Structures are given as structure tokens and as C-alpha cells.
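Derivation of every value follows stated rules applied to the coordinates shown; laboratory data play no part. Being a predicted model, the structure only gives us computed values, none of them experimental. Neighbour counts are summed over all protein chains in view; Cβ atoms, including those assigned to glycine, are modelled from backbone coordinates with ideal geometry.
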């Protein structure tokens, strides 16, 4: 392997370490967003949008860094969030249950990385 390739590989490893070092903070932001949504019975459109954006970003970036289990859990939650009329009405009981289960699965995947 030539020096240029080695430098690129080292840089990629550094980017991965940086990503992993910030993952706990990202998960904390997700938890805070989920708690805010639960506190106002799911009617705050901005809170839903922020949560959805974070989940969507995590679904994409986690996979890039070899965290397939986190990426998959985030993708499943993202797909459900895509289908909800966020901010227009509170989720019904079945939707809340589904969301909570997917959110818990995402947290579990992040804890077992």
C-alpha cells in the first residue's frame, strides 16, 4: 500500500473514531426529542421534524461506519415516522406503541455497539 493510501485509511479511521465519540451525544439528543414529544402528547410539529431528521441522519451515517444494527433500527423507525402525520394529530395508541418499541430497539442497538 502506498503512502497516499495509508494516509487516506488513517484519515477514515479518525473520522470513524470522531463519529463514535459523538454517538452518545446524538443518542442523548434523540432521547430528549422523544421525551419532548411524549410530554406534549405528540402534537408539536417542530419536535417531530427534529426527531425525524435526527433518526433519518442516524440511519444513513451509522451504516457508513459499520454500525449496521444501529442503522437498521434507525431505518425502521424512520419508515414509521415517514408515514405519520406528525404535528397534525397525536398518534393513536397503536402508533405510540409501535414508535416506543422501535425507539427502544434503536436505543438497545446503540447500547450494544
In degrees, nearest 10, the alpha-carbon axis of helix 45-64 is tilted away from the dominant principal axis of the alpha carbons of the chain by 30
Relative contact order [Cα under 8 Å, 6+ residues apart], the chain, whole percent
25
Efficiency by 1/(1 + (r/R0)^6): what FRET value for residue 10 and residue 61, r their Cβ-Cβ distance, R0 = 30 Å, to the nearest 0.05?
0.90
With bins 5 Å wide starting at 0, give me the P(r) of the chain over every alpha carbon pair, in whole percents.
2, 12, 21, 22, 15, 10, 7, 4, 3, 2, 1, 0
